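Q: The following block contains the structure, expressed as structure tokens.
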Amino acid sequence: MTKTAFARTPRIGDNDILVCKTDLQGALTYANDSFAQAYGYGERDLIGQRHNFLRHPEMPRSIFAAIWQRLQAGTETFAVLKNRNSDGVDYWTFAQFSPCRDAAGRVTGYHTVQRGISPAAVAEIAPLYQRLRQAEIAAGDDEPGLQAGNRMLDHHLAGRHQDYDEFVLTLVLQYEPQAA
């Protein structure tokens with residue numbers, strides 16, 4: 001069986017799963033060793049920090065707005081993320097975001113699981129993310145910028161007859177290595 005190369009930095013192995021948990025405001029409450037190593041921070045440096053301090057500056061705000069909208073509605077969601085570690089090395093992951101619930105069913109925080117994705121999936125989604133980010137910046141990179149990115153993303157997804165989760169899952173599964 002030939003192994004498919006994944007978009008990885010030396011800090012992320014083929015079997016690494018990056019896991020973190022946050023409170024309702026997005027402050028990190030847990031990060032596994034793979035997560036800390038991938039981002040290049042120690043666990044003590046991460047815990048208590050808002051998760052968005054790890055955000056890559058080229059990631060469209062509209063993608064994070066879509067993630068938060070789903071999470072705050074109590075719904076699991078998926079995304080492709082461009083990340084940058086503490087050494088300035090960029091890498092891409094496929095992420096699953098889920099609400100954490102207490103025994104009464106109340107959302108108490110959020111749980112994220114990330115892993116690397118194929119270079120082919122990155123090659124397909126990166127131009128869309130560039131266009132979204134450029135539209136956000138051109139419109140002022142505040143609320144009008146976010147709205148511009150949202151409109152562009154909605155238009156892209158409507159043309160595919162998919163929502164963002166379907167788009168991401170289709171993209172990632174399309175380029176998954178097949179078992180021999």
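The values are calculated or read from the model by the stated rules, or taken from the named source; none is laboratory data. A quick note: this is a predicted structure, and the numbers were derived from the prediction, not measured. Note: ideal-geometry Cβ built from the backbone for every residue, glycine included; neighbour counts use all protein chains shown.
Q: Does segment 119-130 include one or more residues that are at pLDDT 95 or above, assigned to a helix (DSSP H, G or I) and among the hydroxyl-bearing types (Ser, Thr, Tyr)?
A: The answer is yes, given that some residue of segment 119-130 is at pLDDT 95 or above, assigned to a helix (DSSP H, G or I) and among the hydroxyl-bearing types (Ser, Thr, Tyr).
Q: So is Gly109 loosely packed, with under 13 Cβ neighbours inside 10 Å and either of a type outside the set (Val, Ile, Thr) or on the phi < 0 side of the Ramachandran plot (or both) or not?
A: No.
Q: Can you find a residue in segment 145-166 that is more than 17 Å from Arg70 (Cβ to Cβ), touching a strand residue (DSSP E or B) at 6+ places or on another chain (Cβ under 9 Å) and of a type in the set (Phe, Trp, Tyr)?
A: No - not one qualifying residue is present in segment 145-166.
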